[in-house]
Amino acid sequence: MSKTPSPCIDVCKYKREGRCIGCSMTKAQKSLFKELKKDKHRVAFVEMLISQQAAVGKYDAWKVAYSKKLKKKGVVLPFDLG
């Protein structure tokens, strides 16, 4: 099984209070994700990011873009992107 890919959807513009307008991650969060080696930690990070996006709002397009990325890489998350 492939590792869970980064939640980054290659927009990388930090205009919303230091958060990327594409995925809602901060630069520090993007660096942290790259350091995660165990897939269960990567999955937990994506779950945290989804919760963060729900609280911050304005990131509806991310789910569609990330779903396409997962499908392309053949990765199925153990939860629904909702």
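A short reminder: the numbers here are calculations on the coordinates, not readings from a lab. A quick note: this is a predicted structure, and the numbers were derived from the prediction, not measured. Positions of Cβ are backbone-derived with ideal geometry, glycine not excepted, and every protein chain shown enters the neighbour counts.
May I ask for the longest run of the chain untouched by trypsin sites (Lys or Arg not before Pro) that are loop-located per DSSP and have at most 15 neighbouring C-beta atoms (other than their own) within 10 Å?
It works out to 59-82.
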The chain: relative contact order from alpha carbon pairs under 8 Å, six or more residues apart, as a whole percent, is 36 percent
Applied in sequence order to the range 47-52, the curve 6.51 cos²θ - 1.76 cosθ + 1.60 (Karplus, θ = phi - 60°) yields integer Hz couplings, x standing for Gly and Pro, of 4, 4, 5, 4, 5, 4
For the chain, the Kirkwood Rh over every pair of distinct alpha carbons, in Å, works out to 12.8 Å
Nearest 10, in degrees from 0 to 90: the angle of helix 60-73 to the longest Cα principal axis of the chain is 30 degrees
